[in-house]
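No lab work stands behind these numbers, since they all come straight from the coordinates. Bear in mind that the values here come from a model prediction, so they are computed numbers and not experimental data. Don't worry about glycine lacking a Cβ; one is built from the backbone with ideal geometry, like all the others, and counts go over all protein chains shown.
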Amino acid sequence: AKAAAQSAVADGAEIILGPVFSDAVSVVGPIAKAGGKQVISFTNNNAMAQPGVYVFGFTPEAQTARVVDYALE
């Protein structure tokens, strides 16, 4: 993840899409930020969200709320 993020920034990427896993997001985020880029990660760990790093995964909280809402209908 580190090498890929460094390469993306060096190659002039406008935005970084991914990674999926939170341990990789914690590595990619600072690299992207230092390069002035933003990250859209696909992790479901809301703790990874920070300025410039966005979480786009299906969070457990959202999934649970949807199941409960459906069951109540």
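Averaging over every viewing direction, what projected area does the convex hull of the Cα atoms of the chain cover, in nm²? Projected over every direction and averaged, the Cα hull of the chain covers 5.0 nm².
Compare the peptides 43-56, 16-29, 60-73 by average per-residue count of other Cβ atoms within 10 angstrom and give them in order, highest first.
Packing proxy ranking, top to bottom: 16-29, 43-56, 60-73.
In this simple spin-label approximation, Ser7 and Ala62 carry label points 7 Å from Cα along the Cα→Cβ vector, and these lie 2.9 nm apart.
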